[in-house]
Amino acid sequence: MPKQGILAIISGFSGAGKGTIVDELVKKYGYALSISATTRTPRAGEVEGKNYFFKTKEEFEQMINENKLIEYAKYVDNYYGTPKDYVMEQIDAGKDVLLEIEMQGALKVKEKFPETSLIFITPPNVSELRRRLEKRGTEEKDVIDRRIKRAKEECLYMHKYDYVVVNDDLDECVEQLNNLLKSLHFMANNQKQLINEITKEFNIIK
Ligand code: 5GP
């Protein structure tokens, strides 16, 4: 029987290290990663179609109107959204798909697809979070302050996630996440095809 792909969302405070972790999961273990659309301006080194699909506000709003996004949210003055086609194609092909998105979007996807697993990544403490944001050096101080403020708001919703993983040591965190993602295949919700097949077989027996 073909393997059933899982859909997992990885969220975390800005500066928690999600981007690096997700890159490692894709490189080392071959997960399919959804590339989001955003109206944010590219950071130095970011590549169109690899990090994001960079859109104008008008283009993004057109994607919303044409129902091309599974979800979208506004985050610190910019739109971010998940294009529908790629995610659906990969899941149908039996791939395990990761979405690296923020909390409002994550909760919307969970509502639409309840079998989605929500994983939250956090640094060990808040001073470490600020240190990582400052070290990244890609944002102005006021943007960092707004991202910390946003993290404070997000903290109130962390308990809505299915799993919380601390990113203290990067390699260890990547291994823990890969083990967690592998174990998600055992969830009954992620084995609907197998359950259907076995039920069908039993139904033949008089
Ligand atoms: P950044 O500007 O640091 O790349 O991303 C800011 C936030 O937007 C991060 O928390 C990131 O996970 C989130 N994000 C990225 N893509 C999407 C998306 O498609 N939808 C939603 N809802 N959030 C996203």
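The values are calculated or read from the model by the stated rules, or taken from the named source; none is laboratory data. Since we're looking at a predicted model, the values are computed, not measured. Note: ideal-geometry Cβ built from the backbone for every residue, glycine included; neighbour counts use all protein chains shown.
Observations on the structure shown:
- Pairs, first within 17 Å of Thr41 (Cα to Cα) in region 64-79, second more than 9 Å from the ligand (Cβ to nearest atom) and of a type in the set (Gly, Ala, Ser), C-beta under 8 Å, six or more apart: none
- Selected residue [part of a loop (DSSP other than H, G, I, E, B), within 13 Å of the ligand (Cβ to nearest atom), in contact (Cβ under 8 Å) with a residue 60 or more places away in the chain and touching an Asp or Glu at 6+ places or on another chain (Cβ under 9 Å)] from Gly15, Gly5, Gly19: Gly15
- Cβ-Cβ contacts under 6 Å between residues 6 or more apart (or on different chains), taken from a first residue in region 108-129 that is in the same structural domain as Val166 (by TED's automatic domain parsing) and more than 22 Å from Thr20 (Cβ to Cβ) to a second residue that is among the hydrophobic types (A, V, I, L, M, F, W, C) and assigned to a helix (DSSP H, G or I), are listed as Thr116/Val109.
- Of all residues in region 86-107, those satisfying the criterion of being within 23 Å of Asp23 (Cβ to Cβ) and touching a helix residue (DSSP H, G or I) at 6+ places or on another chain (Cβ under 8 Å) are Asp96, Val97, Leu98, Leu99, Glu100, Ile101, Glu102, Met103.
- Which listed residue, of Leu177, Leu129, is modelled with pLDDT of 95 or more and assigned to a helix (DSSP H, G or I): Leu177
- Inside region 180-206, residues that are under 17 Å from Val97 (Cβ atoms), touching a residue at least 40 places away in the same chain (Cβ under 8 Å) and either assigned to a helix (DSSP H, G or I) or in contact with a His (Cβ under 6 Å, 6 or more places away or on another chain) (or both) make up a count of 9.
- Checking region 14-25 against the condition returns a match, with at least one residue being buried (at least 16 other Cβ atoms within 10 Å of the Cβ), of a type in the set (S, T, N, Q) and closer than 28 Å to Lys152 by Cα.
- Among the residues examined, Gly15 qualifies as assigned by TED's automatic domain parsing to the domain that holds Asn125 and closer than 17 Å to Arg136 by Cα.
- Boolean, Glu139 is farther than 25 Å from Val26 by Cα, modelled with pLDDT under 95 and either surrounded by 11 or more Cβ atoms within 10 Å (Cβ to Cβ) or within 16 Å of the ligand (Cβ to nearest atom) (or both): yes
- Residues located in region 84-119, provided they are more than 8 Å from the ligand (Cβ to nearest atom), more than 15 Å from Leu184 (Cβ to Cβ) and not in a helix (DSSP H, G or I): Ala93
- Per-region count, region 80-95, residues farther than 25 Å from Thr41 by Cα and in contact with a strand residue (DSSP E or B) (Cβ under 7 Å, 6 or more places away or on another chain): 3
- The number of residues in region 48-63 that are more than 8 Å from the ligand (Cβ to nearest atom), closer than 23 Å to Leu98 by Cβ and surrounded by 14 or more Cβ atoms within 10 Å (Cβ to Cβ) comes to 5.
- Any chance Lys84 is within 23 Å of Gln193 (Cβ to Cβ), among the charged types (D, E, K, R) and not assigned by TED's automatic domain parsing to the domain that holds Gln4: yes
- Residue count for region 22-41, restricted to those that are more than 10 Å from the ligand (Cβ to nearest atom) and without any contact (Cβ under 8 Å) to a residue 40 or more places away in the chain: 3
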